[in-house]
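Chemist: Here it is, the structure, as structure tokens.
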Ligand code: SF4
């Protein structure tokens, strides 16, 4: 997994509340293999493209200044709805490495950490201000620093965010959560033994 | 005496392996279900060079891409989709995981299979990749969707979780005639809002919940996630214990069941246990509900009207309403009952159990649908039961199509789509843009209301239709 320490990159504002995962990546595209080119072209597919495949020029990620965005600044309840891992892949394969929002769909939020994307929660007033700045100066960059846990806006102001220490450790070190958990093999085995005794009627694997 | 605990906390505690310093808990997973979307997770497990830790505690389910047109691989609509199912067959086969595949007598939607098989029991933790795992909390299990954490779950049979906050929704009083469990949960979501339960686990209680059958409770728990909740759960009671009897993976009748029931009785939320948030809803004041927009929170009583964004003070919400109305091609002030529909879908993990099909069949019995309708039982067991009761004939005689078990038009992945610009009265759980197919317009309703809409060709108040017993 990629490490995430600090990132300075173009950020794209997305103003809508409740952007659901059917908009992030339509369900019908979830059966595409992730292989060559990956899921990047599916990110916001139906908002970015017309039925005939042509780009919708107004959509933020189609505008020249935001094409290379690695950061998205959104609003309330971003990437909610269907829990689809493809929503994270679509962001990642497009090149997005950090998403800043007031709140997130739970599953998306957790999946980001495991796939090399840093999700950052900031208060509504801050995300609104960031989006305002980004609209005023298309193509401007933000800095997201996971070590210091700050976002630096286009005016140089720093906004602190909090992040779960386990998830932070995984991202900073580029470590897989599976490997970290399996270091606890002994504890898991001991638990399983006790658990099988207390739930004797469950046909759990021996 | 230890501090009073909620049902949720008791299950959480009994499955805690490690309480980590970072505020995350390592929980043990009793059962894990995975459907076609699991291919990425299996791939990740392989790439990390590890194995599925407890294959006998994992089950594969072919539900999203399974064709409603027939039981075989050839019935699946195209090569791309057949491939999704083949990959699931290969992944489960290689790992030694039991697959409820296409031709299986227990084929069906994962959230029906869990309880039907008796895997989902009071007090266990059962997880699936899919968000509507919350359905299964209806029997008093901790059940939630894990999406991208599936690889970790397969490899370790555990999951790191931050403890959600606790919310209780008490539905008191009695439901009036015509108000289904679906209407109750739509009303709850309308009240809480789309993000109103974010980062919470909801426990449902109150007289109206107690009065529901276990299957109705599943409908309620199913849509918990539409209010943003991590999961929904309902304390097990006599109805639950009865429901659990004689299930393939459940406790055997006799001493084993007695031991289990004795334990299940200890699970109820202790008197005085604290919740972070409480809501009380009076069931007696509820009406049959229907949605007008692209979020399940956009639910109004069927005798209501399409709301006017001009009356919404919040700018963001107003903009969202305007976008929804444009997408749904609706004008503020339109009476919901005047909205014409093009087709009807009865199915999905929200409303495809035998009681749902019986309720819908009672509405259509001896009548004719005036728009195309599709009925898809949630599991093959439900389908067989319905056929034994003659429900398929009732639907077919009324002009409905009768399909093989699966997710079908809930999400349109198996080829059952709502065409662009068409309007569907659907018993599923999401009315998002494009959910049932590109450009599809979805109105969420309960099974009786869906049946009624098929008969009249518009959204219809079930209370206006005389239903033969
Ligand atoms: S029926 Fe719909 S909501 Fe339920 S599991 Fe299938 S796709 Fe998901």
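The values are calculated or read from the model by the stated rules, or taken from the named source; none is laboratory data. Because the structure is a prediction, the values reported are computed rather than measured. Cβ sites come from the backbone with ideal geometry, for glycine too, and all protein chains shown count toward neighbours.
Chemist: Regarding residue B:418, is this residue away from every other protein chain (no Cβ under 12 Å) and touching a strand residue (DSSP E or B) at 6+ places or on another chain (Cβ under 7 Å)?
Modeler: Criteria met by residue B:418.
Chemist: Looking at (1) in contact (Cβ under 8 Å) with a residue 12 or more places away in the chain; (2) closer than 17 Å to residue A:119 by Cα; (3) more than 9 Å from chain B (Cβ to nearest Cβ); (4) surrounded by 13 or more Cβ atoms within 10 Å (Cβ to Cβ), can you tell me which one residue A:150 breaks?
Modeler: (1)
Chemist: In segment A:78-93, which residue that is within 16 Å of the ligand (Cβ to nearest atom) and in a helix (DSSP H, G or I) is nearest to residue A:19 (Cα to Cα)?
Modeler: Going through the qualifying residues, I end up with A:87.
Chemist: Output the qualifying pairs, or none if there are none: Cβ atoms under 8 angstrom, residues six or more apart or on different chains, first residue in segment B:381-410 and within 14 Å of chain A (Cβ to nearest Cβ), second residue part of a helix (DSSP H, G or I) and within 16 Å of the ligand (Cβ to nearest atom).
Modeler: Correct list of pairs: empty, since none qualify.
Chemist: Which numbered condition trips up residue B:68, out of (1) away from chain A (no Cβ under 11 Å); (2) closer than 17 Å to residue B:33 by Cα; (3) in contact with a helix residue (DSSP H, G or I) (Cβ under 7 Å, 6 or more places away or on another chain)?
Modeler: Residue B:68 satisfies all of (1) away from chain A (no Cβ under 11 Å); (2) closer than 17 Å to residue B:33 by Cα; (3) in contact with a helix residue (DSSP H, G or I) (Cβ under 7 Å, 6 or more places away or on another chain) except (2).
Chemist: Pick from segment B:425-442 the residues that are within 19 Å of residue B:185 (Cβ to Cβ) and more than 16 Å from the chain's Cα centre (by Cα): which of them is farthest from the ligand (Cβ to nearest atom)?
Modeler: Within segment B:425-442, the match that is farthest from the ligand (Cβ to nearest atom) is B:425.
Chemist: Residue B:261 is checked against (1) in the same structural domain as residue B:328 (by TED's automatic domain parsing); (2) over 21 Å from the mean Cα position of the chain (by Cα) and fails just one. What number does that condition carry?
Modeler: (1)
Chemist: Still on this structure, please answer the following. Look at residue A:26 and say whether it is modelled with pLDDT under 95, over 16 Å from the mean Cα position of the chain (by Cα), within 14 Å of another protein chain (Cβ to nearest Cβ) and more than 30 Å from residue A:165 (Cβ to Cβ).
Modeler: yes
Chemist: Contact list please: Cβ distance under 6 Å, first residue in segment B:220-239 and without any contact (Cβ under 8 Å) to a residue 60 or more places away in the chain, second residue assigned to a helix (DSSP H, G or I) and surrounded by fewer than 24 Cβ atoms within 10 Å (Cβ to Cβ), pairs at least six apart or on different chains.
Modeler: B:239/B:214
Chemist: Take the residues in segment A:78-94 that are more than 11 Å from the chain's Cα centre (by Cα) and away from chain B (no Cβ under 12 Å), then tell me which one is surrounded by the fewest Cβ atoms within 10 Å (Cβ to Cβ).
Modeler: Of everything passing the filter in segment A:78-94, A:93 is surrounded by the fewest Cβ atoms within 10 Å (Cβ to Cβ).
Chemist: Here's a follow-up. For residue B:412, all conditions in the list (1) touching a helix residue (DSSP H, G or I) at 6+ places or on another chain (Cβ under 7 Å); (2) within 16 Å of the ligand (Cβ to nearest atom); (3) closer than 30 Å to residue A:49 by Cα; (4) modelled with pLDDT of 95 or more hold save one; what is the number of the exception?
Modeler: Single failed check for residue B:412: (4).
Chemist: While we're here: If you go through segment B:444-461, how many residues are away from the ligand (no atom under 16 Å from the Cβ) and either outside any helix (DSSP H, G or I) or closer than 15 Å to residue A:81 by Cβ (or both)?
Modeler: 5
Chemist: Another question, then. Looking only at segment B:266-303, filter to residues that are surrounded by 13 or more Cβ atoms within 10 Å (Cβ to Cβ) and closer than 30 Å to residue A:197 by Cβ; which one of those is farthest from the other protein chains (Cβ to nearest Cβ)?
Modeler: Taking the candidates together, the pick is B:273.
Chemist: Let me ask something additional. Restricting attention to segment B:237-251, which residues are exposed (fewer than 12 other Cβ atoms within 10 Å of the Cβ) and either at the interface with another protein chain (Cβ under 10 Å from one of its Cβ atoms) or farther than 19 Å from residue B:210 by Cα (or both)?
Modeler: B:246, B:248
Chemist: Which condition number does residue B:54 fail, the rest of (1) more than 17 Å from residue B:103 (Cβ to Cβ); (2) in contact (Cβ under 8 Å) with a residue 60 or more places away in the chain; (3) more than 14 Å from the ligand (Cβ to nearest atom); (4) under 23 Å from the mean Cα position of the chain (by Cα) being met?
Modeler: Only one criterion in (1) more than 17 Å from residue B:103 (Cβ to Cβ); (2) in contact (Cβ under 8 Å) with a residue 60 or more places away in the chain; (3) more than 14 Å from the ligand (Cβ to nearest atom); (4) under 23 Å from the mean Cα position of the chain (by Cα) is unmet by residue B:54, namely (4).
Chemist: Given the residues B:359, B:386, which is the only one that is away from the ligand (no atom under 16 Å from the Cβ), closer than 19 Å to residue B:217 by Cα and within 24 Å of the chain's Cα centre (by Cα)?
Modeler: So the residue among B:359, B:386 that is away from the ligand (no atom under 16 Å from the Cβ), closer than 19 Å to residue B:217 by Cα and within 24 Å of the chain's Cα centre (by Cα) is B:359.
Chemist: What residue, among those in segment B:304-332 that are under 25 Å from residue A:124 (Cα atoms) and touching a residue at least 24 places away in the same chain (Cβ under 8 Å), is surrounded by the most Cβ atoms within 10 Å (Cβ to Cβ)?
Modeler: Applying the filter and picking the extreme gives B:321.
Chemist: While we're here: Any idea how many residues of segment B:29-43 are facing chain A (nearest Cβ under 8 Å) and under 22 Å from residue A:188 (Cβ atoms)?
Modeler: Adding up the residues that qualify gives 2.
Chemist: Against the definition (more than 14 Å from chain A (Cβ to nearest Cβ), over 19 Å from the mean Cα position of the chain (by Cα) and away from the ligand (no atom under 16 Å from the Cβ)), how does residue B:104 come out, yes or no?
Modeler: Spelling it out, residue B:104 is indeed more than 14 Å from chain A (Cβ to nearest Cβ), over 19 Å from the mean Cα position of the chain (by Cα) and away from the ligand (no atom under 16 Å from the Cβ).
Chemist: Please go through segment B:107-122 and give me each residue that is over 19 Å from residue B:429 (Cα atoms) and within 10 Å of the ligand (Cβ to nearest atom), ordered by number.
Modeler: none
Chemist: Can you go through B:157, B:117 and tell me which one is surrounded by fewer than 22 Cβ atoms within 10 Å (Cβ to Cβ), in contact (Cβ under 8 Å) with a residue 60 or more places away in the chain and within 14 Å of chain A (Cβ to nearest Cβ)?
Modeler: B:117
Chemist: Taking residue B:141, is it away from the ligand (no atom under 16 Å from the Cβ), under 23 Å from residue A:30 (Cα atoms) and crowded, with 20+ Cβ neighbours inside 10 Å?
Modeler: In short, no.
Chemist: Please go through (1) touching a strand residue (DSSP E or B) at 6+ places or on another chain (Cβ under 9 Å); (2) assigned to a loop (DSSP other than H, G, I, E, B); (3) surrounded by fewer than 24 Cβ atoms within 10 Å (Cβ to Cβ) for residue A:34 and return the number of the only condition it doesn't satisfy.
Modeler: (1)
Chemist: Given B:125, B:97, which one is under 27 Å from residue B:213 (Cα atoms) and more than 16 Å from the ligand (Cβ to nearest atom)?
Modeler: None of the other options fit; the residue is B:125.
Chemist: Which of the following residues is under 18 Å from residue B:195 (Cα atoms) and either out of contact with any strand residue (DSSP E or B) (no Cβ under 8 Å at 6 or more places or on another chain) or within 12 Å of another protein chain (Cβ to nearest Cβ) (or both): A:121, A:131?
Modeler: A:121
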